[in-house]
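Here's the structure, in structure tokens; my notes come after.
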Amino acid sequence: MAEWLLSTSWQRRVKAMTAAAGSAGRAVVPLLLCALLAPGGAYVLDDSDGLGREFDGIGGVSGGGATSRLLVNYPEPYRSQILDYLFKPNFGASLHILKVEIGGDGQTTDGTEPSHMHYALDENYFRGYEWWLMKEAKKRNPNITLIGLPWSFPGWLGKGFNWPYVNLQLTAYYVVTWIVGAKRYHDLDIDYIGIWNERSYNANYIKILRKMLNYQGLQRVKIIASDNLWESISASVLLDAELFKVVDVIGQFLLRGSFCFVIWAHYPGTHSAKDAKLTGKKLWSSEDFSTLNSDTGAGCWGRILNQNYINGYMTSTIAWNLVASYYEQLPYGRCGLMTAQEPWSGHYVVESPVWVSAHTTQFTQPGWYYLKTVGHLERGGSYVALTDGLGNLTIIIETMSHKHSKCIRPFLPYFNVSQQFATFVLKGSFSEIPELQVWYTKLGKTSERFLFKQLDSLWCLLFQLLDSGGSFTLNLHEDELFTLTTLTSGRKGSYPLPPKSQPFPSTYKDDFDVDYPFFSEAPNFADQTGVFEYFTNIEDPGEHHFTLRQVLNQRPITWAADASNTISIIGDYNWTNLTIKCDVYIETPDTGGVFIAGRVNKGGILIRSARGVFFWIFANGSYRVTGDLAGWIIYALGRVEVTAKKWYTLTLTIKGHFASGMLNDKSLWTDIPVNFPKNGWAAIGTHSFEFAQFDNFLVEATR
């Protein structure tokens, strides 16, 4: 076939190539014609001198925090479809790694995730949704790597201090129980365990954790220390021989001298320290991306997946976050590989970063090796090549422009990308490859846009124009991705279009009457401080037998700025006029208090400064109306017949510039002027970290 291609006349080549373009589209035809006319820079792909570093995979983070919160509430078949797009091999993103938050009851970016041990004698390995998500990922890809990492910790570990290292054995025990519980209750083998996300480490704690893991027969579980770009653990390891032996993975740039480990960093900007590269040890970008999943986010992702290795020798990149399945107006809205934030409608969007991921993940596997001959293109962009050592070759080429590939962090120095011809020469064991499958993505203008399109086999053969050395030439433009591979297993998976996007229902109610809930949290409620769980009230066999309960009675060891009050939001951020009604039960005598709220305008790491209209009642026989969660802006206050251990019905109505409240269906305060904010979520919560119950929640709203 190579001889035929070389001997074919110019006219016959052009005719064949034009026909081959076919369904690939008008925008790609010039690529073939120009490739014949003007070859430019040459790049050799060769394994004669050995291979580069071992590839460890591409992944996503669920957590940090509550980023998958709404996913579990999706009805079937849409929930399974979303999971397929993320984890199913040779279908969509086909991820190799899933990293999850070990829930610690604290606010960790977009919400709180419940701990498996709220208290010292409390263990429950069915709280939250990360167990479920890991099982679903394993179901689709049994070889997926699982990583667990704490962001916050339950308060009892701190013994009054906001610090997890007060009792090192206790904290190590807490983490090890999570790993053991994953296996015992869910048959999940955790591969890596972290220390404390982007926070301080303690050398003695790491030693104790290693010993406790070994004692439990978990020698294969590797320790990550310390998953923090800004704090170096290097000196501690080099000065402490015992620590050196127990640390498997170090989360910082550099270990100097002859003692070297795997190095993990967050948002490295594709670069690692020169000395870190010289160690010859594994380097990972264990948290990256964090960018809106538009085409610019896809450009960011495509650029760093190649250049994290080329510039920094990083052999794994993990995206925060896996799926944008939280209310969009929370911090970092839509910063997931895909979007699934409407369980009430079933609508989801397979965003372009999914297909950018597929360019690498569908044609590689952990255990493959990069070639040594990878690098930058003369006029901008980059190329990497990987092999399984068994004759298969995958080449990924990206030409992402500066304008359309900025990640949210760090700062991206200016660079230029322009049209260019690139000739790739296959040598060594690859010189006789007869055919390469071709997958193509073009980001940018709708008229020119392609996402993960396979070019047909004739295109691929003519593309190569093999000579005695084996070579092919591409005409490359800005914001393109090519994967050329010997593998034929790639697929652009698809399902029928999901339902159309719909706003949150304007009338929504939940009586929480679920005897054996599959998940611990009620649908669509997004806890921002505190943890609200289904509860069976054995003291009330009647109307309030099943309720929603706030279950924390002390502040967690925080990772972010948790509020002093617990709060869970729900609904449509654009709601303006609404009536909220809910039965409430204060459990703490004298000092206890609860609220319902509307037009709540902030959440996540900004929850402390949330504004809205908050209607409070207290066990000391008082009520209050405030314009903020913190209670600094007081609209009204007074006395009322309220006590603990008794059910009350609160009603809050906000219409235009006025708000009114009712207690047990009787007017308590009316027509309080409310000028800000104009819109926001509904919410329920408590005055402090205290037990309280909620039932028969109802909201009727208009924008």
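Values computed for the structure shown
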{"item": "Some residue of the stretch 466-487 being over 24 Å from Thr423 (Cα atoms) and surrounded by fewer than 16 Cβ atoms within 10 Å (Cβ to Cβ)", "result": "no"}
{"item": "Test result for Arg220, farther than 17 Å from Ser286 by Cα and modelled with pLDDT of 85 or more", "result": "yes"}
{"item": "Per-region count, the stretch 421-436, residues touching a residue at least 60 places away in the same chain (Cβ under 8 Å) and either among the charged types (D, E, K, R) or open to solvent by 10 Å² or more (accessible area, probe 1.4 Å) (or both)", "result": "7"}
{"item": "The stretch 384-415: number of residues that are touching a Gly at 6+ places or on another chain (Cβ under 8 Å) and over 23 Å from Asn293 (Cα atoms)", "result": "1"}
{"item": "Condition check for Ser418: under 25 Å from Val44 (Cα atoms), free of Cβ contacts under 8 Å to residues at least 40 places away in the same chain, over 30 Å from the mean Cα position of the chain (by Cα) and open to solvent by 30 Å² or more (accessible area, probe 1.4 Å)", "result": "no"}
{"item": "Whichever residue in the stretch 503-530 is hydrophobic (A, V, I, L, M, F, W, C) and farther than 30 Å from Ile557 by Cα and, among such residues, is surrounded by the most Cβ atoms within 10 Å (Cβ to Cβ)", "result": "Phe504"}
{"item": "Of the criteria (1) open to solvent by 30 Å² or more (accessible area, probe 1.4 Å); (2) more than 29 Å from Gly367 (Cβ to Cβ); (3) not polar (S, T, N, Q), which one Gly217 fails", "result": "(2)"}
{"item": "Qualifying residue in the stretch 332-353 (condition: open to solvent by 10 Å² or more (accessible area, probe 1.4 Å), among the hydrophobic types (A, V, I, L, M, F, W, C), without any contact (Cβ under 8 Å) to a residue 24 or more places away in the chain and part of a strand (DSSP E or B))", "result": "yes"}
{"item": "Neighbours by Cβ (under 7 Å, 6+ apart or cross-chain): first from the stretch 82-96, farther than 12 Å from Met338 by Cβ; second among the basic types (Lys, Arg) and surrounded by fewer than 24 Cβ atoms within 10 Å (Cβ to Cβ)", "result": "Lys88/Arg140; Asn90/Arg491; Phe91/Arg491; Ser94/Lys88"}
{"item": "Count of the stretch 531-564 residues which are hydrophobic (A, V, I, L, M, F, W, C), in a strand (DSSP E or B) and open to solvent by 10 Å² or more (accessible area, probe 1.4 Å)", "result": "2"}
{"item": "Residue that is at pLDDT below 95 and either farther than 24 Å from Phe482 by Cα or hydroxyl-bearing (Ser, Thr, Tyr) (or both), where the choices are Tyr348, Tyr313, Tyr309", "result": "Tyr313"}
{"item": "Residue match in the stretch 67-74 (condition: among the aliphatic types (A, V, I, L, M), touching a Lys or Arg at 6+ places or on another chain (Cβ under 8 Å) and open to solvent by 20 Å² or more (accessible area, probe 1.4 Å))", "result": "no"}
{"item": "Every pair of residues 6+ apart whose Cβ atoms lie under 6 Å, when the first sits in the stretch 621-646 and is closer than 20 Å to Glu587 by Cβ while the second is open to solvent by less than 90 Å² (accessible area, probe 1.4 Å) and among the β-branched types (Val, Ile, Thr)", "result": "Gly621/Val642; Tyr623/Ile617; Tyr623/Val640; Val642/Ile617; Ala644/Ile586"}
{"item": "Residue that is farthest from Gly367 (Cα to Cα) [pool: residues in the stretch 303-349 that are more than 18 Å from the chain's Cα centre (by Cα) and among the hydrophobic types (A, V, I, L, M, F, W, C)]", "result": "Trp344"}
{"item": "The stretch 607-649, residues that are within 19 Å of Met662 (Cβ to Cβ), part of a strand (DSSP E or B) and of a type in the set (D, E, K, R)", "result": "Arg624, Arg639"}
{"item": "Members of the stretch 565-606 found to be assigned to a loop (DSSP other than H, G, I, E, B), open to solvent by 40 Å² or more (accessible area, probe 1.4 Å) and under 25 Å from Asn675 (Cα atoms), listed by number", "result": "Tyr573, Asn574, Lys602"}
{"item": "Answer residue from the stretch 82-125, given it is open to solvent by 20 Å² or more (accessible area, probe 1.4 Å) and of a type in the set (S, T, N, Q) and is nearest to His359 (Cα to Cα) among those", "result": "Asn90"}
{"item": "Identity of the residue in the stretch 179-197, in a helix (DSSP H, G or I) and among the hydrophobic types (A, V, I, L, M, F, W, C), that ends up farthest from Gly217 (Cα to Cα)", "result": "Ala182"}
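The values are calculated or read from the model by the stated rules, or taken from the named source; none is laboratory data. Keep in mind that what you see is a predicted model, and the values were worked out from it rather than measured. In this analysis, Cβ positions are derived from the backbone assuming ideal geometry, glycine residues included, and neighbour counts consider all displayed protein chains. When the accessible area is computed, the model is the full protein with side chains, heavy atoms only, and any ligands, DNA or RNA have been set aside. Shrake-Rupley method; radii C 1.70, N 1.55, O 1.52, S 1.80 Å.
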